[in-house]
Amino acid sequence: MTRFIVGRVLGLIPTLLVIVTLSFFVIRLAPGSPFTTERGVPKEVVEELQAHYGFDRPFQEQLFNYLANLASGNLGLSTKYPQRTVNEIIAAGFPPTLLIGSFALLWALLFGVSAGIIGAMRQNTVFDYGAMSLAMVGISLPTFVLGPLLALVFGLTLYVLPPAGWGAARHVVLPAVTLGTVYAAYVARLTRGGMLEVVRADFVRTARAKGLSEQLIIWRHMLRGGLLPVVTFLGPAIANILVGSVVVEKIFAVPGIGPYFVDAAFNRDYFLVMGIVVVYSAFLLVMNLIVDVLYGFLDPRVRYT
Amino acid sequence: MSAHANTGGAGEPLLRVDDLAVHFETDEGVVKAVDGVSFEVQRGEVLGIVGESGSGKSVANQAIVGLVPRPPGFYPRGRIHFDGQQVLGLSERKLRDIRGNRIAMIFQDPMTSLNPYLKVERQLTELLERHRNLDRRKARTGAIDMLVQVGMPEAERRVDAYPHELSGGMRQRVMIAMALLCEPELLIADEPTTALDVTIQAQVLDLIRDLQARLGTSVILITHDLGVVAGMAHRVAVMYAGRIVEQADTDTLFAAPRHPYTGGLLRSVPRIDSEPGRAIEAIKGLPPNPAALPAGCFFSPRCGRASERCGQVYPDRDGDAGHYVHCHHPLSEGEP
């Protein structure tokens, strides 16, 4: 088990290296440069800027320098915000994004797993149909509809939550729910499916024959097997949730990293794009690793080799 | 012997099932899985219930502990008295106090009947925690003791294994340990050897017989295999299409079966002393669709002795409690 984890962590490095190199090529192949603007910038100024950021060097050397800096944790300088390093921008933008993401995840799991269990245990009843219809709505509603809708109802009609803004705990609720709902819906459907797989399993009948309470049967005997499909889904989903959504952050004016990513791509802010890609990929890889480990924890039949 | 008080009088059977019916609501109509079954189990007795798959033998026994899923299942009539107490229709809460504690079950396939996600220890200790209020430490000791009793090699170590780390025979030993952990008065063994290798089958049967004799537990042994019943049961009930068609003590049933179906079953058992190359006799046809049972005797479409009357009237019970049969044209002694 320990060997498996160490091996997988070491394996992350080459994967990350490939991602970084490919992204580095792709962003450079895009037409334009960070210094292309409508206002004519004197040639000498552009050349000076190019030299300042090292863009005048041969391509291989630039890549090598970037990787060397990356190894020491330095993500480089932003071209759009010359007074700030990429590290600073990410350090400022990631916490709000992660906070929203964590609560979105919590919401997705709380609602999704509960609804899924109810659906499976009361299969083909009003509860089941109710929970699954709600899940269908959740999957179908885009965040750019759900977000303003929630802001309108809870922020501007009922006045119970701020419609937008940042700084207090209650600012987290609406963006987190908006972001998490679609995942909650998927989790609900996967939980229901997984629980239905085990609800008629022989070992659940054995558990009933032991005289255990229904809650204990669900909690101890069914949930582990029932949640396996959810765990598989959560690997990529957690990374997606935690790094947030540009749309949600824009709607609720959250000072997260999302809008920076989009702007950086438009502005050809090479290092900022790369920095966010690196952090995002590392996140995704680590989450997948955690899910694999968790999977083995839930199902003892999984072998680590 | 048993930790439970005997509230029934002398001669009162431990279990009495009276005219039990278990039906299922399905898309094709009502399926009468069990329809008017009566039997008794005395204290310390082993009752064999024999029948093909779908004959209702498992359903009838799951009804005893209230394990029939409702809906779609329902009980149109019947009484089940366990130790003098009517258990059919008992609340789920009260049934849970009986299940696993006073009536335990062993299921067919130990591969799927043990929870693959939990260690053997957890699957045993939870019974002692539930019914004996033991803490986890004491329960673990009790679990290991029981594993030793069922002949689990290296019980101390195996208690921490997951089911997939055990062989089929060892898994069934765990199932038996699980069933006997709370010293139940009644053990329902539903095809306990069907999913096992032949060599392991004998071991498991020996173990059940041995423990039954030692603990004085009453056993209902459900099987489709007459060979299993022969060496273990005191009495045998033969079920066909949801009803008991013949019941007798084991020796009588094997020596002088009266129902043609029982006779057919006995002839279809391969015998070591039969001539090599002789085909094993099979009962022709298939068991009837339980949603569309034939008129008259349910076995008549497959029966060589059937007369016109057999296709019209279900035969009444013939004989006494010691040996009875439902047949218009029963076999007489010595008939094949």
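Among the residues of region A:53-103, those identified as modelled with pLDDT of 85 or more and of a type in the set (Ser, Thr, Tyr) are A:66, A:72, A:85, A:97, A:102. Against the criterion of being out of contact with any Gly (no Cβ under 7 Å at 6 or more places or on another chain), buried (at least 18 other Cβ atoms within 10 Å of the Cβ) and on the phi < 0 side of the Ramachandran plot, residue B:65 qualifies. Residues that are crowded, with 20+ Cβ neighbours inside 10 Å and touching a residue at least 40 places away in the same chain (Cβ under 8 Å) were ranked within region B:145-175; the one that is farthest from residue B:202 (Cα to Cα) is B:159.
Filtering region B:106-143 down to residues that are surrounded by fewer than 18 Cβ atoms within 10 Å (Cβ to Cβ) and among the aliphatic types (A, V, I, L, M), which residue is farthest from residue B:208 (Cα to Cα)? Looking at the filtered set, the residue picked out is B:134. Quick one: which helices (runs of 4 or more DSSP H) sit completely within region B:37-150 and have at least 3 residues that are away from chain A (no Cβ under 11 Å) and not aromatic (Phe, Trp, Tyr)? In region B:37-150, the matching helices (runs of 4 or more DSSP H) lie at B:57-64, B:120-132, B:136-149.
Taking the criterion of being within 21 Å of residue A:299 (Cα to Cα) and either within 8 Å of chain B (Cβ to nearest Cβ) or surrounded by fewer than 23 Cβ atoms within 10 Å (Cβ to Cβ) (or both), the residues of region A:209-224 that qualify are A:215, A:216, A:217, A:218, A:219, A:220, A:221, A:223, A:224.
In the set A:257, A:251, only one residue is touching a Pro at 6+ places or on another chain (Cβ under 9 Å), more than 14 Å from chain B (Cβ to nearest Cβ) and surrounded by fewer than 24 Cβ atoms within 10 Å (Cβ to Cβ); that residue is A:251.
Within the set A:227, A:234, the sole residue that is touching a residue at least 12 places away in the same chain (Cβ under 8 Å) and more than 14 Å from chain B (Cβ to nearest Cβ) turns out to be A:234. Whenever a residue of region A:172-198 is surrounded by 24 or more Cβ atoms within 10 Å (Cβ to Cβ), its partners that are among the hydroxyl-bearing types (Ser, Thr, Tyr) and not in a helix (DSSP H, G or I), lying with C-beta atoms within less than 9 angstrom and at least six residues away or across chains, give the pairs A:175/A:245; A:178/A:245; A:179/A:245. Does residue B:95 satisfy being touching a Gly at 6+ places or on another chain (Cβ under 9 Å) and within 21 Å of residue A:206 (Cα to Cα)? Yes, satisfied.
Any chance region B:76-97 includes a residue that's under 20 Å from residue A:214 (Cα atoms), over 23 Å from the mean Cα position of the chain (by Cα), surrounded by 15 or more Cβ atoms within 10 Å (Cβ to Cβ) and of a type in the set (S, T, N, Q)?
Checked region B:76-97: no residue is under 20 Å from residue A:214 (Cα atoms), over 23 Å from the mean Cα position of the chain (by Cα), surrounded by 15 or more Cβ atoms within 10 Å (Cβ to Cβ) and of a type in the set (S, T, N, Q).
Mind checking whether some residue in region B:193-205 is within 13 Å of chain A (Cβ to nearest Cβ) and outside any loop (DSSP other than H, G, I, E, B)? Checked against the condition, which is being within 13 Å of chain A (Cβ to nearest Cβ) and outside any loop (DSSP other than H, G, I, E, B), region B:193-205 yields no hits at all. Can we say residue B:273 is farther than 20 Å from residue B:16 by Cα, modelled with pLDDT of 90 or more and surrounded by fewer than 16 Cβ atoms within 10 Å (Cβ to Cβ)? Judged against the criteria, residue B:273 is not a match.
Just a yes or no: is a residue in region B:167-180 within 10 Å of another protein chain (Cβ to nearest Cβ), of a type in the set (Gly, Ala, Ser), touching a Phe, Trp or Tyr at 6+ places or on another chain (Cβ under 7 Å) and part of a helix (DSSP H, G or I)?
Within region B:167-180, none of the residues are within 10 Å of another protein chain (Cβ to nearest Cβ), of a type in the set (Gly, Ala, Ser), touching a Phe, Trp or Tyr at 6+ places or on another chain (Cβ under 7 Å) and part of a helix (DSSP H, G or I).
Here residue A:268 meets each of (1) out of contact with any Leu (no Cβ under 9 Å at 6 or more places or on another chain); (2) assigned to a helix (DSSP H, G or I) with one exception, condition (2). The set of residues in region A:1-58 that are free of Cβ contacts under 8 Å to residues at least 60 places away in the same chain, in a helix (DSSP H, G or I) and of a type in the set (A, V, I, L, M) comprises A:6, A:10, A:13, A:17, A:18, A:22, A:26, A:29, A:45, A:46, A:49, A:51. For residue A:147, the criteria (1) closer than 28 Å to residue A:221 by Cα; (2) of a type in the set (Gly, Ala, Ser); (3) touching a residue at least 40 places away in the same chain (Cβ under 8 Å) hold in every case but one, which is (1).
The values are calculated or read from the model by the stated rules, or taken from the named source; none is laboratory data. Given the structure is predicted, the values throughout are model-derived calculations rather than measurements. Quick reminder, even Gly has a Cβ in these numbers, built from the backbone with ideal geometry, and neighbours come from all protein chains shown.
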